[in-house]
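Below: the structure, in C-alpha cells.
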Amino acid sequence: MFEGLRLQHWRTQLRADGIVVLTLDRADQNVNALSRGVLDELGQLVERLAIEKPKGAVFVSAKKAGFIPGADIKGFEEIDAKGQIFDWIRSGQLLFDRIARLPFPTVAAIHGHCLGGGTELALACRYRVASNAENTRIGLPEVKLGIYPGWGGSVRAPRLLGAPAAMDLMLTGRALRAAQARAIGLVDKVVEGPLLEDAAIELAKKGTTRPLKQRLLAFASNLWPARQVLAHMMVKQVSRKARKEHYPAPYAMIEAWRRNGVGNVDRALLAEAKAVSKLAGGPTARNLVRVFLLMERLKGLGGKDAGGAPPPAIEHVHVVGAGVMGGDIAAWAAFRGLTVTLQDREMRFIEPALKRADEFYAKKIKDEAKRAETRARLQADVEGTGVARADLVIEAIFEDAEAKQALFQKAEAAMKPGAILATNTSSIALEVLREGRKDPARFAGLHFFNPVALMPLVEIVQHDGLDAETTRRLAAFCKAIDKLPVPVAGTPGFLVNRILAPYMQEAVTLFREGVPGPVIDKAALKFGMPMGPIELIDTVGLDVAASVGRIMAAFHGQPLPEGLVVEEGRRGKKDGQGLYKWVDGKAVKPEVPADYKAPDDLEDRLILPLVNEAVSCLADGTVADADLLDAGVIFGTGFAPFRGGPITHARSEGPAKLKGRLEALAARHGERFKPRPGWDAL
C-alpha cells in the first residue's frame, strides 16, 4: 500500500483484518512535535489511504512521552520570519480536512500529552480512544501563544462537543485528563494503557454512537440564534480576565465562530486560517511564542554536561525554618516526589506548616493512597538529624545575616560530602553570607517566591566562588520540582526584588501624594500587570516591602519613600489592614470620586522605574543576557507577558524615547527617575 514512500518519521503496518496502523516516531526529537517534515510525510500517507481505502486507520505514537504535543514552535518562528504563516496554516488545515473526509473509520489512540496540533489531528479522526494513565492530558492551549487552533480545531471542536464545552476548552487553554475528556465527548473511550492500540483497532472495526444528549447539544448550540447569545456571554467572561488590546486571540475566535458558525466547514476553515494567521503575525503572539521558548530554555539549564551525563540527583532536601516560606518549600518538594525533613526550634513551630501541607495535598491529590505517600515524604525534624542525610540543605529563617551565619556553621558541621547548602534570603548579598563558608563552591542562594505553589520562578543566586556544577545541580533540582530556574548575581535584591522595588516604592509615593490606591492599581492593570502595586504591597506585607526597600534604597544611595511605614497590626493582608482593608482574604478598595482625574504621567511613573532598573541589571551583569532577564521578570513578577519582558518592551517602544521620558520625570519629580547606565547599549 505504501510502496515507494521514503518515510523518516512514520511507520506503517497493514494488518490482516484490513486496518492500517500509522505510528508516528519523529526521528530527530524525543517528542512528536509536528514539523514540516512530519506533515509532509503524513500528506503522502493520506494520499495513499484515499486511493487504497483500507477497512480503517489508527494513528498511534511510539514516544513514551505521549501522542503529539502540538506544532514545532521553533519551526513556526522560522515560518513567521519568512512570511509564510497563512500558507503553513492553510496547508495543515487542508491535510487534516483530507483525513476527516477519508471514506473509512479513523481513530486516534492517545496517551500522554496530546495538545494543540495533536488534538486537532485527533479531532479530524472519526473516533478517539485515550489511555487512563496519570500523565494523559488532552487540550487546545494555543490561546496561551496569542493565537487559537488553526488546523481546523476551532471548527471541529464546537461541532463535536457543543459550543459551551469546546469554547471553554479553547478559551482557557486547559488540558483535560482522559476521564474529563470522555465526560465532554472529546474522546469516545478510555482504557488501560496496555490495551490502547487494541481498543483503537476495535473502535475502527465496530465504531460507536455518541449519546443523543451530546449530539443534540452540539447541534443546538451552534445554531445562529444560540451563537449570538453565547458569544456575548463569552466575551463578557473573557473581558474579566484579559483585555482585548492585550490579548486579541480569544475575542477573534469568539467572533469568527459567531459570524461563520461551523455548518459550512469550508467557509469556517478559511475564516479560521485568515484570523489565526493575522494573530500569529502580531506582536502579542510573537512575544508569547518568545516567552514559551524562554520557558523551554530555563527548563534546559540543568541538563546534561558536554559528556552527556546528567548532574547528580537531589533526592533528599532538608529545610531549616518552618515559617510560611520554608514550610511551603518543604511541602512543595515532597509533593513533587522528594524526601523532605523540616526543622525548626520546637514542634509547635512546625505544626502549622504540616497543617498547611495537609490542606494543600487534600486539594491537589484525590487518591488517598497517593496522598498518604506524599505526606509520608514530609517529616518533622526538630533535632535536625536530616541535615546529615540531605543532598540539599535550604535555610529559610528570618532576614538576619548573623542568625543565618550561625545556622550555616552548625549545618556545615553535619552535612555529608558533596551536599549543597542554600539560602532562601530575598535580599541579603551573597558576598556577605558566603564569608566563613566551609565549602563556598557548594553554597548558593535558592530564592523562592510566595506563594510557592503558584509562583513558577526560582532565582539561583550566585557568587564568584560558586562552582558551575552546583549551579547545574540546583537548576536540575528546580526542574525536578517543576520550577523555572534563573541564575542571577548575588547583589542586593538579586533580579526580581531589585526590579520590583522602585515600582512598588513609586506606587507608595503616589499613594501618599493622594492618588487613590484603586487608580494606581488600575493603571498597572491597564499596562498589563497581573495585580496592582498597592494590592501587591499589602499581599507581600508592608514589613517585607519595607525591609527589601531599605536594602535597595541603600544600594542605590537613595532614601526610602516616606509612606513605606510599618505599623503594628497594619502590615497588609495578613493583618486584615494595610494600605487597604482586607476581608476574607480580599482587598476592600474605596470608591474613587467620579470626577477624579489621574495624573497624566501616572503610568510612566509606575512602569518606567521598573524598566529603568531592568536596563541597569542587564548593564551590570545581574543576569547573563536580555532573554534571561525578560524571562526572570515575567515568571517572577507576572510582568505583562504579551509585552515580552521589560527589555523587549523597552526595545519595541524605543530606548531613546523611554530614556527621554525618564529624563523628563527626573526634572519634574526628582533624581530617582534619572536614567541608569545601560540605555545607550540597547
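Some notes on this structure:
- Scanning the range 623-682 for residues being under 30 Å from Lys483 (Cβ atoms) and of a type outside the set (Asp, Glu) gives a total of 30.
Yes/no per residue for (1) assigned to a loop (DSSP other than H, G, I, E, B); (2) crowded, with 19+ Cβ neighbours inside 10 Å:
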| residue | (1), (2) |
| --- | --- |
| Ala273 | no, yes |
| Lys278 | no, no |
| Ala285 | no, yes |
| Leu293 | no, no |
| Leu298 | no, yes |
| Gly303 | yes, no |
| Ala306 | yes, no |
| Ala309 | yes, no |
| Ala313 | yes, no |
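- Looking only at the range 238-263, residues that are assigned to a helix (DSSP H, G or I), touching a residue at least 24 places away in the same chain (Cβ under 8 Å) and either farther than 22 Å from Val276 by Cβ or of a type outside the set (Lys, Arg) (or both) come to 9 in all.
- Qualifying residue in the range 618-638 (condition: in a loop (DSSP other than H, G, I, E, B), at pLDDT 95 or above, aliphatic (A, V, I, L, M) and touching a helix residue (DSSP H, G or I) at 6+ places or on another chain (Cβ under 8 Å)): yes
- Matching strands (runs of 3 or more DSSP E) fully within the range 80-133 where at least 1 residues are of a type in the set (Phe, Trp, Tyr), in the same structural domain as Ala33 (by TED's automatic domain parsing) and in contact (Cβ under 8 Å) with a residue 60 or more places away in the chain: 127-131
So that you can scan it fast, the table gives a plain yes or no per residue for (1) touching a residue at least 60 places away in the same chain (Cβ under 8 Å); (2) among the acidic types (Asp, Glu); (3) surrounded by 16 or more Cβ atoms within 10 Å (Cβ to Cβ); (4) not assigned by TED's automatic domain parsing to the domain that holds Gly636:
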residue	(1), (2), (3), (4)
Glu412	no, yes, yes, yes
Leu421	no, no, yes, yes
Asn424	yes, no, yes, yes
Ala429	yes, no, yes, yes
Lys438	no, no, no, yes
Ala444	no, no, yes, yes
Val461	no, no, yes, yes
Leu466	no, no, yes, yes
Val486	yes, no, yes, yes
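- Pairing each residue of the range 501-514 that is outside the structural domain of Glu535 (by TED's automatic domain parsing) with any residue that is assigned to a helix (DSSP H, G or I) and buried (at least 24 other Cβ atoms within 10 Å of the Cβ), provided the two are 6+ apart or on different chains, yields no C-beta distance under 9 Å.
- Per the conditions (1) more than 26 Å from Glu431 (Cα to Cα); (2) within 27 Å of the chain's Cα centre (by Cα); (3) of a type outside the set (Val, Ile, Thr); (4) part of a loop (DSSP other than H, G, I, E, B), the sole criterion not satisfied by Phe494 is (1).
- Ala476, sole failed condition from (1) touching a residue at least 60 places away in the same chain (Cβ under 8 Å); (2) crowded, with 18+ Cβ neighbours inside 10 Å; (3) assigned to a loop (DSSP other than H, G, I, E, B): (3)
- The residue of the range 33-58 that is farthest from the chain's Cα centre (by Cα), among those that are over 20 Å from Glu142 (Cβ atoms) and part of a strand (DSSP E or B), is Gly56.
The values are calculated or read from the model by the stated rules, or taken from the named source; none is laboratory data. The shown structure was predicted, so the numbers you read here are calculated from the model rather than taken from an experiment. We place every Cβ from the backbone using ideal geometry, glycine too, and count neighbours over all the protein chains shown.
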